[in-house]
Structures are given as C-alpha cells and as structure tokens.
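**Q** The structure follows.
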Protein chains: 2
Amino acid sequence: MSDSSRKTRLDPFGTSSIEDYEYLYEEFGIQPLKPLLSEMPNATVAMRRGVIFGHRGFDRILKAIKVHEDFAVMSGIKPTGEFHLGTLMTAREVIYFQQQGATAFYCIADVEAYEDNNVPLEKSEKTAIGNIADLLALGFDLNRGYIYRQSKEERVKDLAIAFGRRVTLATMKAIYGERHLGLYLSSLIQAGDILLPQMKEFGGPKPTVVPVGVDQDPHLRLARDLALKFKRKFGFVSPSSIYHKLIKSLDGSPKMSKRAPMSYFTLEEKPEAIANKISNAFTGGQPTVKEQRKVGANPSICPIYDLYLFHFFDNDKDVVKLYDECRTGKMLCGECKSRLIEIVTRFVKDHQRKRLQYIDKAKEILGFS
Amino acid sequence: MSDSSRKTRLDPFGTSSIEDYEYLYEEFGIQPLKPLLSEMPNATVAMRRGVIFGHRGFDRILKAIKVHEDFAVMSGIKPTGEFHLGTLMTAREVIYFQQQGATAFYCIADVEAYEDNNVPLEKSEKTAIGNIADLLALGFDLNRGYIYRQSKEERVKDLAIAFGRRVTLATMKAIYGERHLGLYLSSLIQAGDILLPQMKEFGGPKPTVVPVGVDQDPHLRLARDLALKFKRKFGFVSPSSIYHKLIKSLDGSPKMSKRAPMSYFTLEEKPEAIANKISNAFTGGQPTVKEQRKVGANPSICPIYDLYLFHFFDNDKDVVKLYDECRTGKMLCGECKSRLIEIVTRFVKDHQRKRLQYIDKAKEILGFS
C-alpha cells in the first residue's frame, strides 16, 4: 500500500473497515449519518466517532427535537443472555434519546428468542429480570419510558395480525430467506414493536427512532413498508432508524458469538474473567515488540481499539492519541490492554453494584414479586 | 346408465354424489363414519343419512361418551354474514355433542374473517352479535360452553406463536397453497382454537371433536400434526373431527356463495324472500310434467331434496318416501317446493322470534353494553 493511499484512511473514527459498511449505502439505501451531525449539538461519542454511521429518515427526528415535537425512541433486547457490548450500545442510545425528550420504548423480544433461538418463555422471563435491571442501572427513566415483553403485550400481537394480510411470502423470503413460519411471525411482531409507540394509547402517530445494530436493518425495512401500507388505517409516520457498527470479536473470529465464549464478554461476568478475555484478545499488533516499535500496529483490525472507540474512552482526544501511538509503535499491545482492563473493571464493578439495586424493580415490571 | 348400475345407487341417504367424497377417503385418509354408527345410540339424522359421512379419530370420542370421560366439542363461524345452512349444520352438531356430555367451545373466527376476507374486526364484531344469538336460539348451553372471539382470546394467539416454530413453509404451501402471511397466521390461530379445550385452564388434555364442513379439513390436518409435535409440552390428545357434506347450491351453480344471493339463504332473511329463492331453485326435475310423470326426477342432483335430507325432515321415513315419490315421478317439483317452503317458513319464523330474545345476551358475551 502506498503512503498516499494509506493516508486517505488515516481516520481514528473511520476504522472498523468502514468499507464493510459502504455497500449498505448503495445496496440497501441506508444514508450516511455524518452529513447530519452538524445539526446535532448533543451528538454522542458513538455518533461523532462514526460508530453510529448510518440512518433511515433520521432528519425527521432531528426536526422533532428542534421544534420540540413529540417523538419516541424504540429498541430492545432478545433475552437469550446477559447484557453484552452490543446491547449496551443500544441501551445507551435509547437512554440518550430519552434524555433528548423522547418517550422511550424498550422491548424484551421473548417471542423472537423463542422463534429464533428456541428459548422457552419460562426461561427468557428469568433472563429478562437481569436485562431490565441493566437498563435501569444505565439510566433508563421509567417515568418517560415503557418496558414490556412481546409475549405479554397484546397490542403488538394484534398489530402483527393486522399486518399479516399485507405481507406476501415473496417479501418475507426476500428479507429473511426461507425460514419457518414462527420466524416470519416474530418479524411481524417486531414490526408491531416498532410501530407500537404510534398507537392511540401512546398519543398517536409520531416520529420514532429505532437505534439498532446494522444487522437488524431487515426489521426496519419491513416496518417502514408496513407503516406505508397501513398509513390510512393507523396514520403511521414512517419510522426512522440509526445503525451502529458491530464491535469486532475479541478472539479474532469474524463475529462475536455466544458459541465462542472468548469472543465477547457480558456485563455480568466476574471482572477477573473479563480481564482474562481482554488479556487473551486478538489485536492489530505485530509478532514482536521490535517489529511493532518499527512499523507500528493496526487499530483498524483491533477489537481492543474498538472497545476504546465504541465504549470506554469518553474523550475524543484520548482516542486520537491512542490511535496515533498505536500506529506509530509508541504504544504496545500489552500496555494498551492493561489500561483497558483497568477502565473496564472499574465500569463493570460500578455497574454490577448499581444493577443489584434494580433487581426488585425489574421483577415488579415483569409482574413477579 | 343401465338399470343395474342405477340400482346400486338407489340410496336416499347416498345422494349428494357420494362419489365426490370417496376420493377423500383414499387421498386424504378421512375415514367413513358409517362403520361406527352402530355404536352410537343417539346418532343424529345427519349422521344416519350420510350427511355427516367421514371422520378422523372419532372412535376416541365414542369411547369417551361410553365411559363418561371428559371430552370437548369445538367449532365456530367466520363472522362474515348471517347464519346460513352450513353454519346451521355446524351449530346443530356442536349442540348435539354438548347434549352428549361435551364441554362446548364455539369460536367467532374474526381473525380469519380479516385475513381471508378482509372484514375489519370493527365490522365482524357486529355480525358476531347475530351469530351468537342464532347459536343460543338453537339451544347452545352457556353453562357448559364457552363462546369467544379469536381476536380477544390471548390463549389462541399464544398457541399460534408456540406452534409457528414447528411449521415449515413447505407444510403451509402443501396444505393451503401459496398465500399471504396473514392467511398462514390465521391457520396457526385456528390450530390454537382446536387445541384450546385441552389447555390447563379448561381441565387439560382431553378428546375433542371438531364438526365441520369437509372443506375445513386442512385446518384439522394442521392441528393434528401440531398436537403431535407439541404433545410433550402440552400433553395434547390428537383432536378428532367429523365432516358433513356441503349442501348443493339453490341456483344450480357448483357452490353456494355470498356472491350469488340466489344460491343460498340465511336464517335472517324475510320468509317471503326465502320462499322466493326456493320457488326459483334448480331441481332434479324434468323439462315437462309429462316427462317427469313418465321417467321420474333425480334427487341426487337436487338442492331441494338436499334441504329435506340435511335439515327439514325430522323423520327418516319421510325422506325415504319423498325419495321414492321423486324418482318415480309421483311427486312433481312444484308440490315438493311448496311443502318445503311451508316447513322452512315455520322454522325460520320460530327461529327469528327466539333469536331476538338472545340479542342482549349475545352483546353481553361480546363485552358490549
């Protein structure tokens, strides 16, 4: 690679191989978020750093914020396990928009957990307790928010029934491929989740932003299509979305996965276990110290760098500095990991302490106690 | 046709071209009901006359009756219009089994009416008032029965969600052909209807008979398949069914249809209007009186004969006599129709009077007023 071509990629907020995502603009019509950032005085670090990189119809949300119009934020979690770095990202985005004035909807996608992962409802409702406690510990405000389970929210099921009539098999296959009927049904329910904030009982039609990992875009395409088809009946405003990148797998495999425990960590693991995973993580470093000092390391393929970038450096300047020190070989991977372990440990301990205080509240929300 | 071949068909209870139904035995595995009749001391006229001609697993119901075991009867109506001769048949069967000791479940299939016929729930709930009043007027006992709407019965929706995971697209296409997703979803809900009587809240697993027109068999095949697949989770007993033939169209067209108002009548029409439809009905008669006196008429293609056979002659001897008089040319079509008009008018007037008294109760069941 020539120096000049490398130069064009010298962007601490443009790692995570942005090229991997560029095709989404062209092929799926996702819009880049960057051009809208100047209009967002309160943009989050994830937005500023390109972690949240794309959107559909987000201008509508910006306008709602500007003119103090009612709007909603909607997202959720599939209760198949504890909070990890992806659900942490989504939760933070939901809370951010709630703080910007949105009414917040947070869905425990237990029907999806059943249809897609065969987790029975009796099991996922136990997992949901912890998930909700996590959300509350992160700052979700129950006074301006609604947390629910798909399996218990009759309105989303009824929306799914209403929607079914206007969804062909061809559409489903194009979006999800050939799957069993339950998976398709849970997709209709998810379209119901996305449009629930616009029902009469919640104040009627309104702009709604759905922050999700980019892998969830299919649900958005379906929900936007259905919003149009049922505009006359329900008055729906087309829902908006923003997309964050997926954090790299810790073990160098292509994707974080529950089947590879060393590829990710949850917020409920013991800090020592997390430290161990970070210590053993794949990096963008060179085989030897000598070589790294000489040619530098590569943050754009490094999950450790991603962790700083996505979550654990509050200050943009710290990211820029790390990026430079990494690329020039000034920073070695061991040192970089040690610092991260310190930050993550502090965060996780603090979070676990807070979370404990919300367990009872979470049970109450789920109707236990 | 030679005399001998005609002779083999000389069966007053074997008209309605039984051949049309024979392939169902071979191709779909429906069993003939006749061999079981001797074990039914209280067989209905429709059973004795071969109008109810086939079954799946009905021996299980016979046994339950014999040993006074708990069992259920389940059927329903798609609330797209008033009671007609087909829904009358089903209602009578439900009431019959209720009188034999079954707990009765009667479903207002409003989700199916929406998915299949695009009738909005707001509209079908009005139609349902009359349907339920009809059922009560015919003798349905609320003390041993449960009437509900699919759209309001969360348990059938939840069963549909449970079932979805085990239903492939290939299965759905094989049973229903290529349809939109809503139609498939309503089929899952109907499997939920059929298995609802076996849920814990209703006393758990039990034999259940579903009396339906033979065109509804696809739903039974799906429900029986799902009962097997979810036997471990819910303990389901495979549901049984009995099938009645479809009454011939009054206007000589292949099938009674809402699009052809002269092809059928409802129990809510003015008696004069019904009389007019019967007067103008197609028959198995000859072009001239002279010819009919000479060669006789053909009851096996005659909807008027069907009406006597299916519904309006209580006494089997009257059917046999009519059949003979028709075939020998002793009875002319005009006279036969006049007599039917008299009987139908008496029945309909009486029914309409009774039905009026149940309208308030029907509204109460639906949660109005």
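The values are calculated or read from the model by the stated rules, or taken from the named source; none is laboratory data. Everything quoted here is computed from the prediction, not taken from an experiment. Virtual Cβ from ideal backbone geometry, glycine too; neighbours counted across all protein chains shown.
**Q** Go through the stretch A:36-60 and report how many residues are basic (Lys, Arg), in contact with a Ser or Thr (Cβ under 9 Å, 6 or more places away or on another chain) and assigned to a helix (DSSP H, G or I).
**A** Qualifying residue count for the region: 1.
**Q** Take the stretch B:35-61 and flag every residue that is aliphatic (A, V, I, L, M) and surrounded by fewer than 19 Cβ atoms within 10 Å (Cβ to Cβ).
**A** Of everything in the stretch B:35-61, those that are aliphatic (A, V, I, L, M) and surrounded by fewer than 19 Cβ atoms within 10 Å (Cβ to Cβ) turn out to be B:Leu36, B:Leu37, B:Met40, B:Ala43, B:Val45.
**Q** So for the stretch A:217-226 (the condition being farther than 23 Å from A:Thr80 by Cα, surrounded by 18 or more Cβ atoms within 10 Å (Cβ to Cβ) and over 20 Å from the mean Cα position of the chain (by Cα)), does at least one residue qualify?
**A** yes
**Q** Taking the stretch A:23-62, which residues are closer than 19 Å to A:Pro207 by Cα, of a type in the set (Lys, Arg) and over 17 Å from the mean Cα position of the chain (by Cα)?
**A** Result: A:Arg60, single match.
**Q** Among (1) acidic (Asp, Glu); (2) in a helix (DSSP H, G or I); (3) touching a residue at least 40 places away in the same chain (Cβ under 8 Å), which single condition is A:Glu364 missing?
**A** Only one criterion is unmet by A:Glu364, namely (3).
**Q** Restricting the search to the stretch B:114-135, which residues are within 17 Å of the chain's Cα centre (by Cα) and more than 16 Å from B:Gly367 (Cβ to Cβ)?
**A** B:Asp134, B:Leu135
**Q** Turning to a different aspect of this structure: What helices (runs of 4 or more DSSP H) completely inside the stretch A:90-203 contain at least 1 residues that are facing chain B (nearest Cβ under 9 Å), basic (Lys, Arg) and surrounded by fewer than 20 Cβ atoms within 10 Å (Cβ to Cβ)?
**A** In the stretch A:90-203, the matching helices (runs of 4 or more DSSP H) lie at A:169-176.
**Q** I've got another one for you. Which condition from (1) farther than 24 Å from B:Thr127 by Cβ; (2) surrounded by 13 or more Cβ atoms within 10 Å (Cβ to Cβ) is the one that B:Gln352 breaks?
**A** Status for B:Gln352: all satisfied but (1).
**Q** Could you figure out which of (1) surrounded by 15 or more Cβ atoms within 10 Å (Cβ to Cβ); (2) within 25 Å of A:Lys245 (Cα to Cα); (3) at pLDDT 95 or above isn't true of A:Ile301?
**A** (3)
**Q** Go through the residues of the stretch A:316-323 one by one and say whether even a single one is within 30 Å of A:Tyr23 (Cβ to Cβ), surrounded by fewer than 19 Cβ atoms within 10 Å (Cβ to Cβ) and touching a residue at least 24 places away in the same chain (Cβ under 8 Å).
**A** yes
**Q** Further question: Test B:Asp217 against the stated conditions and say whether it is in a helix (DSSP H, G or I), more than 13 Å from every other protein chain (Cβ to nearest Cβ), within 30 Å of B:Ile359 (Cβ to Cβ) and among the acidic types (Asp, Glu).
**A** no
**Q** Does B:Val344 satisfy the criteria of being closer than 24 Å to B:Phe265 by Cα, in a helix (DSSP H, G or I), touching a Pro at 6+ places or on another chain (Cβ under 6 Å) and in contact (Cβ under 8 Å) with a residue 24 or more places away in the chain?
**A** Spelling it out, it is not the case that B:Val344 is closer than 24 Å to B:Phe265 by Cα, in a helix (DSSP H, G or I), touching a Pro at 6+ places or on another chain (Cβ under 6 Å) and in contact (Cβ under 8 Å) with a residue 24 or more places away in the chain.
**Q** Exactly one of these conditions fails for A:Lys233: (1) in contact (Cβ under 8 Å) with a residue 24 or more places away in the chain; (2) under 17 Å from A:Ile304 (Cα atoms); (3) surrounded by fewer than 18 Cβ atoms within 10 Å (Cβ to Cβ). Give me its number.
**A** (2)
**Q** Continuing with this model, one more query. Of the conditions (1) under 30 Å from B:Asn117 (Cβ atoms); (2) among the small types (Gly, Ala, Ser); (3) in contact with a Cys (Cβ under 6 Å, 6 or more places away or on another chain), B:Gly285 clears all except one; give me its number.
**A** Just one mismatch for B:Gly285, condition (1).
**Q** Taking A:Thr283, is it surrounded by fewer than 20 Cβ atoms within 10 Å (Cβ to Cβ) and free of Cβ contacts under 8 Å to residues at least 60 places away in the same chain?
**A** The answer is no for A:Thr283.
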